Amino acid sequence: MANGFSLAAVAEPKVATPRINMVTGLFALMAFAGIAAGLYAFYAGHHHMYNNTREMPWGILISSYAFFAITSTGLCLLAAISHIFGGNKLAPLANRMVWLSIITIIGAFTIIGVEIENPHRMLIYNMLSPNLTSNIWWMGTLYGMAVGFMLLEFYLILNKKYKIAVTLGVLGALAEVAANTNLGAVFATLSAHPFWYGSQLPVYFLSCAFMSGAAAAILFTNMAYKIRSREIDETTMAGMQSAGKVLILTLFLVSVATAWRFISFFVGGAEGGRLAAMALTSGPLSFNFWVFEILIGLAFPLGLLAMTKLKSAPAMTLAAFMTLVGQFFARYDLVVGGQLVPHFSGWDNLPTYFSYIPSVSEMMVTFGGIGVVGATFLLGERFFGRAFDDHGSH
């Protein structure tokens, strides 16, 4: 089919080696175990299976959802930019970034779907009784629209109808930006939590989206070549280097934003915000913050990329992986850190900080989300691999 979709035309059966099939199966098993743990929580009760309380209602499942959703936004934006301005160096990564954006948001939906105690009500009343003043309503609706646009875009890419695909890609990117900033606003508009409250988080989340998206594009592109035992070609390497430039810039900007955000807590503002910041700098979350979020997630990747000058694919891949690890912990620190301080701190013998440790079920669901992304990435390389290399007609 010269102008239509044929699975045989885009599939790469040679990717399905016994080793890759085994890894795909392991990821699928992770996904199955995580979803099973989440479904069992509906039967046994979320309050029994998850370590959330009235004081700490959001935990690792919310932070993991935010991590995958923000990464999806970055991938979608970079793909749209590369498609709109055809012929740029990011183009060799664009089609794969569309697929990665789809599977990361599916991973996010998988986690949030079993975190919400009554997800069926969300599906029903989202349409029957929309709350247009709710950031959460807008976030869910816009992410749903974005998934629809991206699925259509990817289908049109497979059918080589690039002009219409680009239009849908732009609409998907706009929906993702709106959804991402609404996700930031979910936290930023809660005045009862000074650690979150303020206008910075929506823009901060957008910066993190570009950073995570660039890191994911580099990491998964290198993995795609590794599973084929192929050397990275010149045009793809140029695309990875362009993504690396985006990564360097955003690593620097997020580092500056993080520094000033914490400085602001210690030179003014509410006492609750300062106590929450201290939970990260010298309190119960300090190891996460300094080791994973700052050193592994920001300082080491920035230093590695600067020293290698984007000339080494393994170095870029390692920096990208460290960035994503750091962003995972950054989302956890943000979500949990914002709730650790009691609303009436200092009264009635309340503790300085509440305590929260993810339960086994929460960890299983989190790894289940990772399993969804890992399995669908490898399946995408198996069934759509040739489409990812077809970028000359955008």
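The values are calculated or read from the model by the stated rules, or taken from the named source; none is laboratory data. For clarity, every value in this text was computed on a predicted model and none was experimentally measured. No Cβ is skipped: glycine too gets one built from the backbone with ideal geometry, and neighbour counts run over all protein chains shown.
Descriptive notes on the structure:
- Any hit, segment 266-276, residues being at pLDDT 95 or above, basic (Lys, Arg) and under 29 Å from residue 199 (Cα atoms): no
- Filtered residue count, segment 211-230, keeping only those that are over 14 Å from residue 79 (Cβ atoms), of a type in the set (S, T, N, Q) and either out of contact with any Ser or Thr (no Cβ under 6 Å at 6 or more places or on another chain) or at pLDDT below 95 (or both): 1
- Unique match (being in contact with an Asp or Glu (Cβ under 9 Å, 6 or more places away or on another chain) and over 21 Å from residue 66 (Cα atoms)) among 245, 160: 160
- Residue check, residue 243 in contact with a Leu (Cβ under 6 Å, 6 or more places away or on another chain) and either small (Gly, Ala, Ser) or crowded, with 22+ Cβ neighbours inside 10 Å (or both): no
- Pair list, Cβ < 6 Å and 6+ apart or interchain, from segment 106-133 residues that are crowded, with 16+ Cβ neighbours inside 10 Å to residues that are hydroxyl-bearing (Ser, Thr, Tyr): 108/65; 111/64; 111/65; 112/65
- Residues that are acidic (Asp, Glu) and out of contact with any helix residue (DSSP H, G or I) (no Cβ under 6 Å at 6 or more places or on another chain), drawn from segment 327-353: 348
Every residue, every condition in (1) in contact with a His (Cβ under 6 Å, 6 or more places away or on another chain); (2) surrounded by 24 or more Cβ atoms within 10 Å (Cβ to Cβ); (3) touching a residue at least 12 places away in the same chain (Cβ under 8 Å); (4) within 26 Å of residue 330 (Cβ to Cβ), yes or no:
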residue: 13; (1), (2), (3), (4): no, no, yes, no
residue: 16; (1), (2), (3), (4): no, no, yes, no
residue: 45; (1), (2), (3), (4): no, no, no, no
residue: 49; (1), (2), (3), (4): no, no, yes, yes
residue: 60; (1), (2), (3), (4): no, yes, yes, yes
residue: 70; (1), (2), (3), (4): no, yes, yes, yes
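- Failed item in (1) surrounded by 24 or more Cβ atoms within 10 Å (Cβ to Cβ); (2) of a type outside the set (Val, Ile, Thr); (3) in a helix (DSSP H, G or I), with residue 178 passing the rest: (1)
- In the set 59, 38, 34, 74, only one residue is at pLDDT 95 or above, farther than 30 Å from residue 354 by Cβ and touching a helix residue (DSSP H, G or I) at 6+ places or on another chain (Cβ under 7 Å); that residue is 74.
- Scan segment 234-254 for residues that are touching a residue at least 40 places away in the same chain (Cβ under 8 Å) and either of a type in the set (Val, Ile, Thr) or farther than 21 Å from residue 296 by Cα (or both) and the total you get is 10.
- Checked against (1) touching a Leu at 6+ places or on another chain (Cβ under 7 Å); (2) of a type outside the set (A, V, I, L, M); (3) under 30 Å from residue 250 (Cβ atoms), residue 68 meets all criteria but (1).
- Helices (runs of 4 or more DSSP H) lying entirely in segment 7-108 (those with 1 or more residues that are among the charged types (D, E, K, R)): 18-44
- Single residue of 84, 102 found to be at pLDDT 95 or above and β-branched (Val, Ile, Thr): 102
- Among the residues of segment 273-293, those identified as of a type in the set (Gly, Ala, Ser) and surrounded by fewer than 21 Cβ atoms within 10 Å (Cβ to Cβ) are 282, 283, 286.
- Pair list, Cβ < 7 Å and 6+ apart or interchain, from segment 79-98 residues that are under 15 Å from residue 241 (Cα atoms) to residues that are outside any helix (DSSP H, G or I): 82/88; 82/90; 91/391; 91/394; 92/391; 94/391; 94/394
- Checked against the criterion of being within 17 Å of the chain's Cα centre (by Cα) and in contact (Cβ under 8 Å) with a residue 12 or more places away in the chain, segment 221-229 has at least one qualifying residue.
- Entirely in segment 297-394, the helices (runs of 4 or more DSSP H) that have 3 or more residues that are β-branched (Val, Ile, Thr) and either surrounded by fewer than 18 Cβ atoms within 10 Å (Cβ to Cβ) or on the phi > 0 side of the Ramachandran plot (or both): none
- Segment 186-220 - residue that is touching a residue at least 40 places away in the same chain (Cβ under 8 Å) and among the polar types (S, T, N, Q) and, of those, surrounded by the most Cβ atoms within 10 Å (Cβ to Cβ): 212
- Search result, residues across segment 255-272 that are among the aromatic types (Phe, Trp, Tyr) and surrounded by 14 or more Cβ atoms within 10 Å (Cβ to Cβ): 262, 265
- Close pairs from segment 269-289: first within 15 Å of residue 326 (Cα to Cα), partner of a type in the set (Lys, Arg) and part of a helix (DSSP H, G or I), Cβ under 9 Å, at least 6 apart: none
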